[in-house]
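Notes follow once the structure below has been shown.
The values are calculated or read from the model by the stated rules, or taken from the named source; none is laboratory data. Predicted model, so just to flag it, every value in this text is computed and none were measured. No Cβ is skipped: glycine too gets one built from the backbone with ideal geometry, and neighbour counts run over all protein chains shown. Only protein heavy atoms, including side chains, enter the accessible area calculation; ligands, DNA and RNA are left aside. Shrake-Rupley method; radii C 1.70, N 1.55, O 1.52, S 1.80 Å.
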Amino acid sequence: MVASKKSKKAMESINSRLALVMKSGKFTIGYRSTLKSIRQGKSKLIIIANNTPALRKSEIEYYCMLAKVGVHHYTGNNIDLGTACGKYFRVGALCITDPGDSDIIRSMPTNAE
């Protein structure tokens, strides 16, 4: 019971930080544009939904490892991630290039798995 309350609180803080990035920062949505921004060296943080196919997930993680970019595995599925971004469609991968007013990049390594 306590663990679910803690994970729900962490989920809410991630969602609120993500909403702030959507308002004030720069980001790209989608698998292909995420890979492009990693290759260009623009990305600061990558967020992947938990139901992203394993091959895509491992490819993104590999690119991030080479580029020394942080990866966060979002606890919800791609529908939840899309909703957290304020979009009406599914989002499998999200790349934050400029966090804006949000402190999401400093807070993610402690919240990551």
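Per-residue extension of 0.36 nm, minus the Cα-Cα distance of Asn51 and Met11, leaves a gain of 12.8 nm for this segment. Stretching Glu61 away from Asp101 to a fully extended chain increases their span by 11.8 nm, per 0.36 nm per residue minus the current alpha-carbon distance.
Mind pulling up the Rg/Rh value for the chain? Radius of gyration and Kirkwood radius, both on Cα.
0.94
Only loop residues by DSSP count here, and only those with at most 15 other Cβ atoms within 10 Å; note down the chymotrypsin sites (Phe, Trp or Tyr not before Pro) in the stretch 40-99 that meet that. Within the stretch 40-99, the qualifying chymotrypsin sites (Phe, Trp or Tyr not before Pro) (loop, at most 15 other Cβ atoms within 10 Å) are Tyr88, Phe89. Counting only protein heavy atoms and a 1.4 Å probe, the stretch 16-90 has 60 square angstrom of accessible area per residue.
Compared with the dominant principal axis of the Cα atoms in the chain, helix 54-67 is inclined by about 70°.
What a 1.4 Å probe finds exposed on the chain is 55% carbon and sulfur by accessible area, rounded to a whole percent.
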